[in-house]
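Trainee: I am attaching a structure below and will ask some questions about it afterwards.
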Amino acid sequence: MATDPLAGERVPTDRLIDVPALRAAFSERRPDPSTATERVSFGTSGHRGSSLEGTFNEPHIRAIARAVGEYRADRGITGPMIVGKDTHALSDPAFDTAVGVLAAMDVELHLDSGSPYTPTPAVSLAVLAANRSGRVGRADGLILTPSHNPPEDGGIKYNPPHGGPAGGDVTAAIEARANELLEAGGETIEQLGPDAVRARPDTRAVDLRRDYVEALGDVVDMAAIAESGVRIGVDPLGGSSVDYWEAIADRWGLDIDVVNTAVDPTFGFMRLDWDGKVRMDCSSPHAMAGLIELKDRYDIAIGLDPDADRHGIVTPLGLMNPNHYLAVAVWYLFEHRPDWGSGAGVGKTLVSSSMIDRVAADQGRRLVEVPVGFKWFVDGLTEGRIAFAGEESAGATLLRRDGTPWTTDKDGIVMGLLAAEITARTGRHPGELYAELADRFGAPVYERIDAPATPGQKAALKALSPESVEADELAGETVVAKLTRAPGNDAPIGGLKVVTKNGWFAARPSGTEDVYKIYAESFRGSDHLARIQEEARAIVAAAFREQGVA
């Protein structure tokens, strides 16, 4: 797909959203549940949509909040619900709606008093802390965020008592009940107003920012960063971590410069992404162009998406590819975390770089390869079987330095601070260290592309079996694996992965667009990668013909 000519440039006035219109549509527009796109639909990170399109409106949030309240009551979850929000325009009204419904159901609510906005990892940490405290009842969390999505979008995601993203069985139950309520019109859903919510004795102001900042020394060597004097630049990209970084600098004595403190629901300070959209994707060199321009001022610069669960790491060499940084993190952590158990492995999604596989093998660590979605890492992190978990879209978390769980959701703040620790402890920034890994293990070339697909083709791709793929070679190499289930947990991957000694591709249908995604990697260079991609399309096309959906 073609790159927009304004990619990397500041957002033109004519591409800014109309915030009053967006919020008015949230309150006034009534979605039609007989239209598939206007129903509640949970993807890998909750329900997302736009009020202008009838996909994220007040009836959706009332129904989802009611369904979540019923779900937790049915399963005996009687502890506090920790609720956070990011800075998207729809997060405020959605937050008021959600807590209003939950308060009317007599749910104990814990809301952040340290900042108007709460990062996803702070919610995850608070849920785990509450459930370790021994108090009666289990805690869970709800976060109003569409992550890095454009400014016109809203989102809501539920974290059960394990603190991480809800699994498919949980979201399916919530989605089904929410749609029942949506079809009924939601007239019976009671909701308290914001003042009444805050006046309740069971609505408690909790300083989640303080608790999160104070605990950072348990997971990152903050003293080493402070002693080294590493110069750190941070761009929260107008997101929920904006109030956290000054507190981190003050508590731990770090040299941190927050280069952008603006909170603007239009996100007009952003740079346009590759397709000309406003998207707070901290792994995109186009969206991160502003911070990249400042790379020579800092030893490490950090970008975060609006709910701070994703990281972008900028070194004097530029923005790191997320896969490259994950590989460096794996190498460094298993060299510098002596209290991690010998059985603790490395978690990765099956579309993340095979460089991670090679580094993990060199460290003598078991690789746990799972389908796309951070929910697949939760049990391993909770039980200590996975010490580090990362995915190709710049999300990761790790255990505390003593080997106990930190968060079970992605943590962009910690991954940014880890880059500073790596620099402080090794005297080299992560970009330099990746070059050394590439010299040892090879320099892979990685790319994701999209290809058109009909709904029938997308369904066929999900239903593939290894036996339906006849190819025994890929780009001149013998195929060593044909996967439709993840090796790490035997869960369906919703597509196909074909692997050779020096390359692989994975094909998965998009959950929101009429395309399928081809992820591919080669350790033999760009020409070999192009050949893998060409043959990947042919393999998928042959499978479509076999199933009669060509």
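The values are calculated or read from the model by the stated rules, or taken from the named source; none is laboratory data. The structure displayed is predicted, hence computed values, not measured ones. Don't worry about glycine lacking a Cβ; one is built from the backbone with ideal geometry, like all the others, and counts go over all protein chains shown. Just the protein is used for accessible areas: all its heavy atoms, side chains included, with ligands, DNA and RNA removed. Shrake-Rupley method; radii C 1.70, N 1.55, O 1.52, S 1.80 Å.
Trainee: At 0.36 nm per residue, and after removing the present C-alpha to C-alpha distance, how many nm does the segment from ASP362 to ALA2 gain when stretched out fully?
Mentor: Taking ASP362 through ALA2 to full extension adds about 125.7 nm, to one decimal.
Trainee: Could you give the nm distance between label points at ARG440 and ARG385, where each point is 7 Å from its Cα heading toward the beta carbon?
Mentor: Distance between the two pseudo-spin positions: 2.7 nm.
Trainee: Could I ask something else about it? If PHE42, PHE26 are ordered by their accessible area, calculated over protein heavy atoms with a 1.4 Å probe, which sequence runs from highest to lowest? Spell out each step's value before the answer.
Mentor: On the way: PHE42 30, PHE26 5 Å².
I get PHE42, PHE26, largest accessible area first.
Trainee: Out of all Cα-Cα pairs in segment 369-437, roughly what percent, to the nearest whole number, are more than 16 Å apart? Before the final figure, lay out each step's value.
Mentor: Working: 1215 of 2346 pairs.
Tail of P(r) above 16 Å: 52 percent of Cα pairs.
Trainee: Order ASP18, ASP305, most accessible first, counting only protein heavy atoms with a 1.4 angstrom probe.
Mentor: Reading off the accessible areas and sorting them downward yields ASP18, ASP305.
Trainee: Pop a pseudo-label 7 angstrom from the Cα along the beta-carbon direction at both ARG10 and ALA463 and give the gap in nm to one decimal.
Mentor: 5.3 nm
Trainee: For LEU417, LEU294, what's the largest-to-smallest order of accessible area, 1.4 Å probe?
Mentor: Listed by decreasing accessible area, they come as LEU294, LEU417.
Trainee: At most 13 other Cβ atoms within 10 Å and a DSSP loop assignment: could you name the GluC sites (Glu not before Pro) in segment 437-532 that fit? The partial results should precede the final answer.
Mentor: Working: sites: GLU447, GLU467, GLU470, GLU473, GLU477, GLU513, GLU521; in loops: GLU470, GLU513.
Sites meeting the loop and neighbour criteria: GLU470, GLU513.
Trainee: Please list, in order along segment 397-403, the HN-Hα scalar couplings obtained from phi with the Karplus expression 6.51 cos²θ - 1.76 cosθ + 1.60 (θ = phi - 60°), rounded to whole Hz, x for Gly and Pro.
Mentor: Each residue of segment 397-403 in turn: 8, 8, 6, 5, 5, 8, x Hz.
Trainee: Holding the Cα-Cα limit at 20 Å, pick out from LYS157/LYS410; LYS348/LYS501; LYS410/LYS482; LYS348/LYS375; LYS462/LYS497; LYS277/LYS410 the pairs that are longer than that.
Mentor: Violating the 20 Å Cα-Cα cut-off are LYS410/LYS482; LYS277/LYS410.
Trainee: Something else about it: Just in segment 172-201: which GluC sites (Glu not before Pro) are loop by DSSP and have at most 10 other Cβ atoms within 10 Å?
Mentor: Passing both the DSSP loop test and the Cβ count: GLU187.
Trainee: Using 1/(1 + (r/R0)^6) with R0 = 22 angstrom and r between the beta carbons of GLU335 and ALA215, what's the FRET efficiency to the nearest 0.05? If you can, show how the numbers build up before the last one.
Mentor: Numbers: r = 23 Å, r/R0 = 1.06.
After rounding, the FRET efficiency stands at 0.40.
Trainee: GLU58: accessible area at probe 1.4 Å, nearest 10 Å²?
Mentor: 40 Å²
Trainee: Select from the chain the helices, each a whole stretch of DSSP H, whose alpha-carbon atoms run 15 Å or more along the helix axis and whose Kyte-Doolittle mean is at least 0.5; answer none if there are none.
Mentor: For the chain, where a helix must reach 15 Å along its axis and average at least 0.5, the hits are 91-104, 120-132, 412-426.
Trainee: Just to confirm a number: summing +1 for Lys and Arg and -1 for Asp and Glu over residues other than PRO509 whose beta-carbon lies under 12 angstrom from that of PRO509, what do you get?
Mentor: +1
Trainee: Given the whole protein assembly as supplied and a 1.4 Å probe, what does the accessible area of LYS462 come to in Å², nearest 10?
Mentor: Rounded to the nearest 10, the figure is 140 Å².
Trainee: Between LEU317 and ASP195, what FRET efficiency comes out of the Förster formula 1/(1 + (r/R0)^6) with R0 = 41 Å and r the beta carbon distance, rounded to 0.05?
Mentor: 0.20
Trainee: Turning to a different aspect of this structure: Identify the residues of segment 200-232 with backbone N under 12 Å of a label point that sits 7 angstrom from the Cα of ARG425 along the Cα-to-Cβ direction, or state none.
Mentor: Answer for segment 200-232: 219-225.
Trainee: Along each of the three principal axes of the Cα atoms of segment 281-392, give the extent in whole Å, ordering the values from largest to smallest.
Mentor: 42, 27, 23
Trainee: Once label points are set 7 Å from the Cα along Cα→Cβ at both VAL136 and ALA73, what is their separation, rounded to one decimal in nm?
Mentor: Computed distance between label sites VAL136 and ALA73 equals 1.9 nm.
Trainee: Averaging the inverse of every distinct alpha carbon separation and then flipping it gives the Kirkwood radius. What is it for segment 55-130, in angstrom units?
Mentor: 13.0 Å
Trainee: I want to make sure I understand the PRE zone here: with the label point 7 angstrom from the Cα of GLU470 toward its beta carbon, which residues in segment 476-509 have backbone N atoms less than 13 Å away?
Mentor: none
Trainee: Could you give the alpha-carbon Rg of the chain over 2.2 N^0.38 Å, rounded to two decimals?
Mentor: Ratio of Cα Rg to 2.2 N^0.38 Å: 0.94.
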